[in-house]
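The block underneath contains the structure these notes are about, expressed in structure tokens.
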Amino acid sequence: MGYVTSTAARPPGKMSRRGSGPTLYDFRRPIKLSREHVRSLQICFETYARSCGNLLTTRLRVVSSVTLASIEQLNYDEYVSALENPTVIAMVTIDPLPGTVLMEMASSAAMTAIDHMLGGPGGAQPERPLTEVEMPLLRGLLERMLGELRYGFETLVDISPKLREIEYNAQFLRAHQPSDAVVIASFDVKIGTEECVASICLPYNTILPVLEKQEQIELTAQERMVRDSSQRNLTAGLSAAPIDVAVRFQPIRMRTDDIVDLRPGDVVPLSHPTSLPLDVTVNETVFAHAVPGNQGARLACLIVPTPAEAPSKEVGRR
């Protein structure tokens, strides 16, 4: 595990107003969004945010703004666990792309928007389910916002967003598998005096093919120099990083009471054939094979070619 500095490390739904700082980075699950991918999405979502802010100002007749706060990649369960409960979650299809997109907005912001549409002053709103009169108003507003999403993405892909359902509890959603990768765009939304954080959840496998088609971006000489220098520095740093390597015999099975009765001096027979090389592993991954030996007074091993699959099976049957 390590730390990297992020300019947008706030989880959706529970974002703080503090400045940026170091965020936890899991090297076992590297971020797959490249700089070019993030740049393309940033252009689309910033265009959407500007047009959506204008839409809210015109439709609600109150000064409103929508600003892109961050773009990040998470697992679906991480996104859901960060959402407030209750909240307004719209399930959306974006034909011709597959998958389900989620558009989330705080319940207080949705109630404030409805209050303005009905001629109210906004302000503090009660937390309650929407009535039969309020629900069509909210659906109409969300459908207008989806139209702005189509406008924002038209330089990337031509989509036709369609609103399917509206949910209030993120835990009841079954739009994706918990471990599925998703791209989260978070927005700072202001409707009159009401401020909240909204988000759009895109399935990673849905947007990745589109982004890969847009990767043919011409880089300047300076950008290419910076990229090549960063790659060399990263390669040099990783080459010098120490890692734990193990040379292992084939495992054996023992009963629990036999393990408990083990004493110093006991001999445990191994089932590893003498003609079969040992596995050389890093983090439980076999990457080479070796035979045991010594170098002077120290134990050592000699790396040998990986045995063919068929001969290995024959040795194991002997």
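Computed from backbone phi with θ = phi - 60° and the Karplus coefficients 6.51, -1.76 and 1.60, the 3J(HN,Hα) list for the stretch 169-178 is 10, 5, 5, 8, 6, 10, 6, 9, 6, x Hz; x is used for glycine and proline.
Please list, by residue number, every one of the GluC sites (Glu not before Pro) in the stretch 176-253 that is coil in DSSP and has at most 14 other beta-carbon atoms within 10 Å. Please list the in-between numbers first.
Values: sites: E194, E195, E212, E215, E218, E223; in loops: E215, E218.
Loop-located and lightly packed - E215, E218.
Compared with the dominant principal axis of the Cα atoms in the chain, helix 204-213 is inclined by about 90°. Taking every C-alpha pair closer than 8 Å and separated by at least 6 residues, the mean separation divided by the residue count of the stretch 246-317 gives a relative contact order of 26 percent.
Extending 7 Å from the Cα toward the beta-carbon at both M117 and T235 defines two label points whose distance is 5.6 nm.
The dipole here belongs to the stretch 246-317: it is taken about the Cα centre, uses +1 on the Cβ of Lys and Arg and -1 on the Cβ of Asp and Glu, and is about 140 debye.
Determine the shape class of the stretch 109-224: with a ≥ b ≥ c the square roots of the Cα gyration tensor eigenvalues, call it rounded for a/c under 1.5, and otherwise prolate if a/b is greater than b/c, oblate otherwise. Cα axes put the stretch 109-224 in the prolate bin.
Only four residue types carry charge here, +1 at the Cβ of Lys and Arg and -1 at the Cβ of Asp and Glu. Report the dipole size of the chain about the Cα centre in Debye, rounded to the nearest 20. Don't jump to the answer; show the numbers that get you there.
Working: 32 positive and 37 negative charges, 115 e Å.
Dipole about the Cα centre, nearest 20: 560 debye.
The angle between the Cα long axis of helix 134-152 and the main principal axis of the chain comes to about 60°, on a 0 to 90 degree scale.
Relative contact order of the chain, please, whole-number percent, based on alpha carbon pairs below 8 angstrom and at least 6 residues apart. Provide the component values of the computation, followed by the final result.
Working: 477 pairs, mean separation 55.9, N = 318.
Relative contact order here is 18 percent.
Computed over the Cα atoms of the stretch 246-317, what is the ratio Rg over Rh, Rh following Kirkwood? Don't skip to the end; give the middle numbers.
On the way: Rg = 14.7 Å, Rh = 14.3 Å.
Radius of gyration relative to Kirkwood radius: 1.02.
When the alpha carbon coordinates of the chain are projected onto the principal axes, the ranges are 87, 59, 39 Å, largest first.
Every number here is computed from the coordinates shown, using simple stated rules; none is lab data. Here the structure is a predicted model, which means the values were calculated and not measured. Virtual Cβ from ideal backbone geometry, glycine too; neighbours counted across all protein chains shown.
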